[in-house]
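The values are calculated or read from the model by the stated rules, or taken from the named source; none is laboratory data. The shown structure was predicted, so the numbers you read here are calculated from the model rather than taken from an experiment. All Cβ positions, glycine included, derive from the backbone under ideal geometry; neighbour counts span all protein chains shown.
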Amino acid sequence: MSSIDSSNSFASPVSPYPQHPYNRRDPDGWDVLYLDQAIPVDPEAKAYMIKDLRSWSRVYLLNPIRWIANGLLAVILVFKRLWPFEFRAYGLMHRSATWFLKTWVSPEACYLIVRHLGLGSNIVNFLIDNGPDPEIERSTLYPRTVDDLANNAFLEHDLILYNFVYDFHQAQGRSPNWLQEVHQRGITFKSIQPVVVEIDFTPRWHRILDLESAIELFKVFYSLLLTNREFERAVLSLQFDENFGCYVSQILNDYRWNHVIVNRHPLAPNSPFMAARDLLLHGVTTEYLHRYLELMNAAQNQYPDPEPQP
């Protein structure tokens, strides 16, 4: 769904997904997974996801990186609890993240990270369009490149989520019949638009880290440069996936797909040591949800609801 010019260095080397000869006696599980459509995912994003999952970095480096990262995280959390004052450094955190992604992280993982923020904005804006108050502040967070993340993008992503949930429920209290009104006027999918991502796919020897390994390492820096409260808030936000799934299902009156949401129960917060895995699942769930909305939009355009009778 991204706009990538195949004539320059932003061209994707894995779109479409490379097909390998199929061996019925020794099938490649990743190839089969790519073809499987039980849970629809954008084909280009899925190609990047699978290349990331089968990378040697994930096979050989992820577990050692996870052990080291969790050890450092434990030290930082204890230190910051005992330290008499707290500090934050948003600019340093985001500039460091940008440098880290551009220097050490694979282009496929960078693509998925940048794309995720745009998908999140689309979903929030869809809920606003079809919610109790279309005048709620919309999300304008649509980074195109890794460099765009330096503008406090990760912090803004969390703030957009929490502020939306607050505004959404405040508006529900003011408009108790909002859902009936939305269904009467019809669902609009105008906010479910293609997300433009521009990533440099030029091969470089040092851009090797897979997505989850990169998240494991960066969560350490994230915990260091945020206050304890901000870090806890960021970790908790990942379990709001279930809530957002319920919002969408309530509007569309379709709860058939909610079982694919794994990040659940924000009233039983997960440990921050699970944050990298939860963030990976959050990204996957966002891809599922956005693709679901794209397919619902396509179905509505193909089979529009009949005009109400006078």
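Is it the case, given these coordinates, that L35 is under 25 Å from I261 (Cβ atoms), modelled with pLDDT of 95 or more and either surrounded by fewer than 19 Cβ atoms within 10 Å (Cβ to Cβ) or out of contact with any Phe, Trp or Tyr (no Cβ under 8 Å at 6 or more places or on another chain) (or both)? Here the answer is no, as L35 does not meet what is asked.
Rundown of residues vs (1) modelled with pLDDT under 95; (2) within 15 Å of T227 (Cβ to Cβ), yes/no style:
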{"site": "R58", "(1), (2)": "no, no"}
{"site": "L61", "(1), (2)": "no, no"}
{"site": "A69", "(1), (2)": "no, no"}
{"site": "I76", "(1), (2)": "no, yes"}
{"site": "W83", "(1), (2)": "yes, yes"}
{"site": "M93", "(1), (2)": "no, yes"}
{"site": "A97", "(1), (2)": "no, no"}
{"site": "A109", "(1), (2)": "no, no"}
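Pairs are defined by a Cβ separation below 8 Å, a sequence spacing of at least 6 or placement on different chains, a first member in segment 20-49 that is within 25 Å of R115 (Cα to Cα), and a second member that is charged (D, E, K, R) and exposed (fewer than 10 other Cβ atoms within 10 Å of the Cβ); no pair meets this definition. Looking only at residues of segment 39-54 that are not hydrophobic (A, V, I, L, M, F, W, C) and not in a helix (DSSP H, G or I), we find that the one that is surrounded by the most Cβ atoms within 10 Å (Cβ to Cβ) is D42. Taking (1) under 17 Å from the mean Cα position of the chain (by Cα); (2) without any contact (Cβ under 8 Å) to a residue 60 or more places away in the chain; (3) closer than 24 Å to E212 by Cβ; (4) not in a loop (DSSP other than H, G, I, E, B) in turn, G71 satisfies each apart from (1). From the list R58, R115, R66, which residue is touching an Asp or Glu at 6+ places or on another chain (Cβ under 8 Å), closer than 23 Å to S237 by Cα and of a type in the set (D, E, K, R)? When all the criteria are applied, what remains is R66. Taking A214, is it crowded, with 20+ Cβ neighbours inside 10 Å and either within 23 Å of R54 (Cβ to Cβ) or touching a Pro at 6+ places or on another chain (Cβ under 6 Å) (or both)? In short, yes. Do we find a residue being of a type in the set (D, E, K, R) and touching a strand residue (DSSP E or B) at 6+ places or on another chain (Cβ under 7 Å) anywhere in segment 229-239? Checked segment 229-239: no residue is of a type in the set (D, E, K, R) and touching a strand residue (DSSP E or B) at 6+ places or on another chain (Cβ under 7 Å).
Against the condition in a loop (DSSP other than H, G, I, E, B), touching a residue at least 40 places away in the same chain (Cβ under 8 Å) and not acidic (D, E), how does V262 come out, does it pass? Judged against the criteria, V262 is not a match. Of the residues in segment 147-170, not one is free of Cβ contacts under 8 Å to residues at least 24 places away in the same chain, farther than 30 Å from R95 by Cα and among the acidic types (D, E). Entry remark, segment 74-130: residues being outside any loop (DSSP other than H, G, I, E, B) and more than 22 Å from the chain's Cα centre (by Cα) number 10 in total. Considering segment 235-261, and only residues there that are in contact with a His (Cβ under 9 Å, 6 or more places away or on another chain) and of a type in the set (A, V, I, L, M), the residue that is farthest from G131 (Cα to Cα) turns out to be L238.
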